[in-house]
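Starting off with a structure, shown below.
The values are calculated or read from the model by the stated rules, or taken from the named source; none is laboratory data. As the structure is a computational prediction, the values presented were derived from the model and not from experiment. Heads up, the Cβs are rebuilt from the backbone with ideal geometry, glycines too, and the neighbour counts pull from every protein chain shown. Protein only, heavy atoms only, side chains kept; ligands, DNA and RNA dropped before computing areas. Shrake-Rupley method; radii C 1.70, N 1.55, O 1.52, S 1.80 Å.
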Amino acid sequence: MACHGSHKEAPKPREIVEQPQALSERTNDNIRVALTYAQDNGGKINDSIRLAHLDLLEAWYTARAFSTTWVHPPAFSPLADSLFTFLDKGMYAGLYPSDYHGRQLASIRDRLQRNAFDDKDAVLWSLQDLLLTDAFIGLTHDLAFGRIPRDTTTLRKDSTFTSEQYLGFLQRAAGGLAPIDGFFDSLQPQLRGYVALKEALGHFLDSATFRNYTHIDYPNKDTLDFNRQLLARFKEEGLVADSVTMPEDSAAWAKMIKLAQKAKDLKPDGIPGPMLVRALNLNDAERFRIAALNMDRYKLLPDSAAMPKEFVWVDLPGYYLQVWRDDSLQFQSKVIVGHAVTRTPVLTSHLTNFITYPVWTVPESIIFKEMLPKIQKNVGYLTAQNLVVVDDRDSVLNPFTLPWKKYHKNYFPYRIRQLEGNDNSLGVIKFNFPNKYSVYLHDTNERDLFSNNARNLSHGCVRVQDWRKLAAYLVRHDSARYPMDTIKAWIANSAKHTVYFKDHVPLFLRYFTCDGKDGHLVFYEDIYGDDKHLLDSCFKEPFR
């Protein structure tokens, strides 16, 4: 012991105190001992409890001479009851109670309330108070800022509260100046989308059933393992009896697959593909995780007071564009977004102008991946696609005189452009906004694709079905310079014009896989796999 400095007292497993005054004093001292021990043990008080906000706890309790905040042994305070009530309903705010010592707090509370012997245990009372304070701090942070990491598109400037702010929140709560429910509500976004999603989550939780289901891995190179997972899920869904074994006959197996597909309102083709796997994996537990993740995505945005009063919102997985003004939806349009390989970026910008009958300068990535192999086989491909080759002086070259076989991704000294017209990939209009990805909103020459359910089909730009409404909206304050009749005439006459509108409208390209609509949760496919990464890293904990 002498070789390692002074000995620091370890927390006692138990300390029974009969007299209330002495019990309160011993509880305070056990708080001191636990905090001192935790500082030397990575926040751990014992093998099952780790304090997540040790520095703040140390500052708070030291300033209070280690007196309790939430409990008054041998009784709880109304303040503790309020915090317990919120924790018990934490899932309604998209939170996992287990992230805030939910299980340990419930177990200790049960022991203190039900066991006449345990309610004299100063160690239990000290643990309860410490865990409630730690939970309060964690809840305060996650309700305000969420759990997913900040990135380059995060518009909220702050990512946490200062130590002084946390201690101030605790002081107000302990002094009864800030009721727990009201305080926690004030931390959450007041954005329309968040409020709608939270309301829908509440309705969902009122009837949700949480149980352990077999998760189906997809894609899975082990076909036998994949089929076993499917069969296990079919049994859990009640589609087949528990006694059913894997059929040796492929026709019988296909029949089972079709049965599952019909149950999930999918095309019964007997082939177990990604749509069936997604439908089977989307149980109530998974629905909650996805809703909670998307609630946190709203916490990366400024709150309602700082959001622009007017903006264009594009939800990539939802395949829709919305125009909002004064918290009122002006109109909505279907969109087509980037394929998983050529994904549309998440970004914030502002629309500055649009061009009627635009020329498309083909990005190099498309030239090398798609066009160059076709041109090398048949130079006539350029003419058929209304494409021209230009040099650095914008002079149009004769493509039949160029040595196409010599060109590759590291050597191509020209640009390829698609001339304006009905065959142009941009359609008849392009909406520009500053960004480093060379993407834009535009019409398309493949308008039939808007009837598809899955519309992640582009090279990265966003194709807008109701581009006429968007154009009319953007110039509504510039009707003297740009009457809509004039713009319609330009389009009818295939005339190229650039329209700079007076008000630059903010634009948000975002990735939300869950919305709240009419009190119900609506889910969208995780087209780029962003949900999977975040769910695995930030939302692993069990619910209760």
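Looking at the stretch 31-56, which of its residues are touching a residue at least 24 places away in the same chain (Cβ under 8 Å) and among the aliphatic types (A, V, I, L, M)?
31, 33, 34, 35, 45, 49, 51, 52, 56
Sticking with this one: Go through (1) surrounded by fewer than 24 Cβ atoms within 10 Å (Cβ to Cβ); (2) closer than 20 Å to residue 64 by Cβ and name the single condition residue 109 misses.
The single condition residue 109 does not satisfy is (2).
Give me the pairs, please: first residue somewhere in the stretch 294-322 and of a type in the set (S, T, N, Q), second residue anywhere and open to solvent by less than 10 Å² (accessible area, probe 1.4 Å), beta-carbon distance under 7 Å, and either six or more positions apart or on two chains.
Qualifying pairs under 7 Å: 294/197; 294/512; 294/513; 294/514.
Checking the structure you have, find out if any residue of the stretch 421-431 is open to solvent by less than 30 Å² (accessible area, probe 1.4 Å), part of a loop (DSSP other than H, G, I, E, B) and among the hydroxyl-bearing types (Ser, Thr, Tyr).
no
Considering only the stretch 178-200, state which residues are assigned to a loop (DSSP other than H, G, I, E, B), within 12 Å of residue 303 (Cα to Cα) and over 16 Å from the mean Cα position of the chain (by Cα).
If the condition is that a residue be assigned to a loop (DSSP other than H, G, I, E, B), within 12 Å of residue 303 (Cα to Cα) and over 16 Å from the mean Cα position of the chain (by Cα), then 190 is the only one that fits.
How about the stretch 160-177: which of its residues are assigned to a helix (DSSP H, G or I) and either crowded, with 16+ Cβ neighbours inside 10 Å or among the aliphatic types (A, V, I, L, M) (or both)?
Those that are assigned to a helix (DSSP H, G or I) and either crowded, with 16+ Cβ neighbours inside 10 Å or among the aliphatic types (A, V, I, L, M) (or both): 166, 167, 169, 170, 173, 174.
Okay, moving on. Within the stretch 57-81, which residues are open to solvent by less than 20 Å² (accessible area, probe 1.4 Å) and either in contact (Cβ under 8 Å) with a residue 12 or more places away in the chain or among the acidic types (Asp, Glu) (or both)?
57, 60, 61, 68, 69, 70, 71, 73, 80, listed by residue number.
Filter the helices (runs of 4 or more DSSP H) completely within the stretch 441-544 down to those with at least 1 residues that are acidic (Asp, Glu).
484-492, 530-538
Note down all Cβ pairs under 7 Å where the first residue falls in the stretch 403-417 and is assigned to a loop (DSSP other than H, G, I, E, B), the second is open to solvent by less than 60 Å² (accessible area, probe 1.4 Å) and not polar (S, T, N, Q), and they're at least six residues apart or on different chains.
Listed pairs, sorted by first residue: 407/372; 409/368; 412/367; 414/389; 414/390; 414/391; 414/397.
Is it the case that residue 360 is without any contact (Cβ under 8 Å) to a residue 60 or more places away in the chain, of a type in the set (Phe, Trp, Tyr) and open to solvent by 10 Å² or more (accessible area, probe 1.4 Å)?
no
Can you confirm whether the stretch 474-489 contains a residue that is touching a Lys or Arg at 6+ places or on another chain (Cβ under 8 Å) and open to solvent by 40 Å² or more (accessible area, probe 1.4 Å)?
Among the residues of the stretch 474-489, at least one is touching a Lys or Arg at 6+ places or on another chain (Cβ under 8 Å) and open to solvent by 40 Å² or more (accessible area, probe 1.4 Å), which makes the answer yes.
Are there any pairs with C-beta distances below 9 angstrom linking a residue in the stretch 187-199 that is open to solvent by 30 Å² or more (accessible area, probe 1.4 Å) to a residue that is of a type in the set (Asp, Glu), with the two at least 6 apart or on different chains, and if so which?
Every condition considered, the pairs that remain are 190/303; 192/327.
Let me ask something else about it. Which numbered condition in (1) in a loop (DSSP other than H, G, I, E, B); (2) open to solvent by 80 Å² or more (accessible area, probe 1.4 Å) is the only one that residue 434 fails?
Every condition holds for residue 434 apart from (2).
Further question: For the stretch 226-273, give me the residue count where each residue is of a type in the set (Lys, Arg), touching a helix residue (DSSP H, G or I) at 6+ places or on another chain (Cβ under 8 Å) and more than 20 Å from residue 211 (Cβ to Cβ).
Residues in the stretch 226-273 being of a type in the set (Lys, Arg), touching a helix residue (DSSP H, G or I) at 6+ places or on another chain (Cβ under 8 Å) and more than 20 Å from residue 211 (Cβ to Cβ): 1 in total.
Here's a follow-up. Taking residue 389 as meeting all but one of (1) under 27 Å from residue 458 (Cα atoms); (2) loosely packed, with under 15 Cβ neighbours inside 10 Å; (3) modelled with pLDDT of 95 or more, write down the number of the exception.
Here residue 389 meets the rest and fails (2).
In the set 280, 259, 224, which member is hydrophobic (A, V, I, L, M, F, W, C), surrounded by 15 or more Cβ atoms within 10 Å (Cβ to Cβ) and either more than 27 Å from residue 148 (Cβ to Cβ) or out of contact with any Lys or Arg (no Cβ under 9 Å at 6 or more places or on another chain) (or both)?
259
Does residue 286 fit the bill of being under 30 Å from residue 93 (Cα atoms) and touching a helix residue (DSSP H, G or I) at 6+ places or on another chain (Cβ under 8 Å)?
In short, no.
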